[in-house]
1. In vacuum, with every alpha carbon of the range 78-160 counted as one equal point scatterer, what does the Debye formula give for log10 I(q)/I(0) at q = 0.13, 0.14 Å⁻¹? Two decimals, please.
2. Give, to the nearest whole percent, the P(r) tail of the range 222-275 beyond 19 angstrom, counting all Cα pairs.
3. Measure of size requested: the Rg and Dmax of the range 497-558, with Cα atoms as the atom set and Å as the unit; please supply both.
4. Could you tell me the convex hull volume per residue, in Å³, taken over the Cα atoms of the range 108-250?
5. Enter the accessible area per residue of the range 328-451 (Å², integer; probe 1.4 Å; all protein chains in place).
6. First compute the accessible area of the range 433-529 with a 1.4 Å probe, then give the percent of it belonging to carbon and sulfur atoms.
7. Tell me, what HN-Hα J-couplings in whole Hz come from the Karplus equation 6.51 cos²θ - 1.76 cosθ + 1.60 at θ = phi - 60° for each residue of the range 588-596, using x for Gly and Pro?
8. Given a 1.4 Å probe and the protein chains all in place, what does the accessible area of Glu429 round to, in Å² to the nearest 10?
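The values are calculated or read from the model by the stated rules, or taken from the named source; none is laboratory data. Everything numeric here is computed off the predicted structure, so don't read it as measured data. When we count neighbours, we look across all protein chains shown, and the Cβ atoms used for this are built from the backbone with ideal geometry, even at glycine. Heavy atoms of the whole protein, side chains included, go into the accessibility calculation; ligands, DNA and RNA do not. Shrake-Rupley method; radii C 1.70, N 1.55, O 1.52, S 1.80 Å.
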Amino acid sequence: LVNPQHQHLLHSAAAMATCRGAWPLLLLHSKGVWQSMMPSLAFLLLVLALVVLPPRAAGEDAVGGDDGGSLHCCRVSSKARNLMLLSCNASASDAIADIAFAALGAPPAGRMMCGREAASSCAADVRAQVRRECVGRRFCSLNVDQLGKGCPQRPDDEEVLHVRWSCREDDQAASAVGSHRDNLPPVPLRTEQGYIVDASGRRVRLRGINWAGASQWKYVPGGLDVAPLRHIVKLIRELGFNIVRLIFSTEMVRRDPAVDDHAVAANPGMFGLTALQVFDRVVDALEGQGIMVLLDNHMHTADWCCDVHDCNGLWFNGDYSEASWVDMWRTVARRYAQSAAVVAAGLRNEPRQVCRGRAWDKPGGRQCSPEQWTTTPLDDEGCLTPRWINGPAELQYREAVIRAGRAVLQENPKLLVSICAPNFGTDFENLDHFPPALPPGRFLYEAHEYSWYHPDWMLHEGDIRHACKLDDMFGHIVRKGIAPVLISEFGMSQAWYDSEDQRRWWDHVSSYIQERGPLGALGGMDWSYWQLGGVQLGGTSRTEFAVEAYGLLNECWTAPADERHFAELRRLMQEPEAARAETTHLKTCQEIMWWKNPADSDSTAAAGLPIILLAPLSLIFVGLASALVCRASLKRGWQPCRLCRRVVRRASGKFKESVTRTPPGYGDIDGFGVDSSVIGAASAANTPCASPAHSSAEISSWRRTHPPLDELWEVQPMDGVVEEVRLAREASMDSQSELVGNRSPSASPPHQSAVGKVSMREFIAEARDWAATSVIGHQAERLESADDLSISESQAERLESADDLSISESQAERLES
């Protein structure tokens with residue numbers, strides 16, 4: 001092997017031995033023995049690696065996954081939680097083998113890395129005590145207070161307990177854990193009506209957990225610094241979750257940085273890997289445990305989420321354009337196209353406002369200046385607000401979803417495209433009427449729900465109001481079968497039972513997910529709880545190693561932090577009781593006016609009148625008052641504006657139509673409602689019907705050509721039109737052009753004695769009757785719908801030119817319109 005042409009053989013053999021787990025063979029490579037060996041030995045080594053050694057079983061890396069051994073570490077502060085739970089859960093026969101490190105005392109000066117611990121200058125070695133308590137047991141609970149005082153010089157200060165332990169089956173963990181791939185549903189999943197089904201058509205109810213970390217500064221999912229990957233994923237399965245919302249940042253994918261050893265300290269086999277390589281191992285490990293994965297693009301810039309000043313609220317920012325975001329999704333979809341566990345792509349977490357300022361109002365927060373990377377002007381508050389379909393083109397989220405969703409499905413047609421609603425997952429306006437143009441059955445929506453999204457009074461008014469609000473937000477989308485809605489984030493603190501507001505909120509939300517929601521009779525809604533880890537991972541506004549109050553697990557990642565907390569989630573995993581399922585509460589939502597606080601003072605309610613009468617009574621009062629004002633103004637010759645004509649017409653009973661519906665019309669009757677603010681402004685100006693849009697010359701012209709309003713309604717020119725209508729109906733003419741062609745423009749209209757004087761009301765009746773015969777299709781439809789009385793241009797010209805019909809130009813224009 002002195003010949004360079006042959007050295008690659010031994011390198012290949014060593015590399016293959018690494019893949020096959022033949023670590024002893026690496027000694028030949030690392031000790032320089034190869035310099036004295038013959039090429040034939042290299043071939044023997046290669047054959048040994050390829051043939052003699054058994055190949056890796058399917059899923060072995062997914063469940064074993066962290067070659068190079070595994071460590072178990074924990075850090076607990078006396079100021080936060082006094083309890084530490086050590087565990088070894090590879091199998092029922094596993095147990096704690098030894099305590100390699102245990103120190104109690106002052107917090108260390110720097111970051112302590114699992115496997116490279118060093119006690120602080122004021123700390124006590126408590127290994128002997130911990131060994132007596134824990135060795136030989138599968139689970140061991142330690143109380144920090146019972147271990148004494150580690151630093152007597154600081155009796156009242158915080159003390160920290162650091163422990164590292166090993167388990168009997170650490171070396172055999174891969175075979176002990178085994179594979180649970182059979183738990184995965186047949187893929188691809190698809191949406192059907194308001195829920196998700198697998199390839200066989202059976203409903204798949206998502207019961208998920210958010211695994212945070214990879215979207216933040218360390219670029220890896222949380223917990224890998226203190227617990228073996230295989231133990232974490234096994235615990236997720238044993239707790240009953242069937243899907244993980246695995247969050248990541250655009251920066252993690254685009255940069256793919258090398259991971260700091262501290263971030264994966266409990267998994268030495270991951271040392272030296274990049275962020276995407278660690279992410280691959282996590283996805284493989286979840287697949288090995290039969291757990292589905294929803295990949296969620298949580299942030300662009302790696303950091304804690306979410307704030308309107310973090311410059312990450314849109315699908316693009318100053319660091320990553322929309323094209324870069326779409327290309328990132330192509331990369332991710334292609335990378336996991338062969339994974340049976342990756343079933344959905346969450347395009348963007350919580351689209352929201354982006355505002356000028358410093359993130360989280362913290363000195364170390366990032367300064368956001370959106371005007372530097374967008375062409376849309378900022379609003380008065382210095383913000384950009386995305387909408388689903390409205391607003392500036394670059395801020396319309398629907399179009400961005402279509403582009404990114406199609407890119408994902410081009411790379412991996414099996415994926416579901418998951419779409420989080422704008423405004424922190426709460427604004428579903430237009431998502432029902434304007435769904436994204438993606439293939440049928442390939443998308444779902446995401447909603448987020450937290451207690452601070454609602455006023456305090458609603459939390460104290462019973463769950464029916466809360467349920468009505470959630471239905472108004474997103475539940476109606478599921479009820480109508482438009483798309484499933486995954487509640488992909490919701491959560492409460494571990495001590496939720498100490499807060500009355502959180503207790504009430506949780507009762508309402510859990511009831512909606514199980515019984516009161518749109519899928520109460522079909523197994524309950526899909527959900528994903530926020531979040532898995534019980535320790536803060538750093539980032540803006542965060543403190544590394546502090547307790548994550550909303551996290552499910554303890555600081556050691558060995559079990560739930562609070563059993564009562566997890567018991568509530570366990571209840572959500574069960575099928576709702578059919579007898580308790582309530583899906584008919586919608587009929588009462590409008591009756592109780594769920595959006596109104598009953599405690600608000602109301603003069604009408606105080607007087608004993610039903611609140612439902614307030615609107616029509618106000619309208620009647622305003623209408624009568626306006627009628628008197630406008631009639632008086634008309635007698636004085638003032639200009640009758642649109643509002644006055646409408647008020648007078650309705651108040652005097654000329655049309656017996658609903659107060660909320662515009663009658664089929666004449667002139668410029670266009671359906672505007674009676675606006676008391678307009679009346680008030682006109683009265684204040686002492687010109688009840690004057691319009692600032694009309695000049696004095698226009699008003700004078702109008703007065704010359706318009707008769708008083710009462711004459712206008714009974715004016716005779718309508719008689720000829722009605723006769724034309726009758727003749728058209730009797731002749732069953734196919735088109736209006738035939739009517740025009742058969743009569744000369746100068747011809748006289750039918751004799752008026754055949755019709756008599758006709759009022760507008762009678763004319764409308766005749767027009768409706770004519771519409772029913774469908775003589776002229778498009779005009780009849782408009783007449784039937786009572787939206788417009790359309791007089792064609794040819795009719796208007798004919799009326800205007802008729803010798804004995806004194807139609808003014810302005811009247812003809814109104815008839816035409």
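1. So the normalised log intensities work out to -0.44, -0.51.
2. So the portion of pairs separated by more than 19 Å is 39 percent.
3. Final numbers for Rg and Dmax: 15.3, 43 Å.
4. So the per-residue Cα hull volume is 187 Å³.
5. That works out to 40 Å² for each residue.
6. 52 percent
7. Here the 3J(HN,Hα) series is 9, 4, 6, 5, 8, 6, 4, 7, 9 Hz.
8. Its accessible surface works out to 120 Å², give or take rounding.
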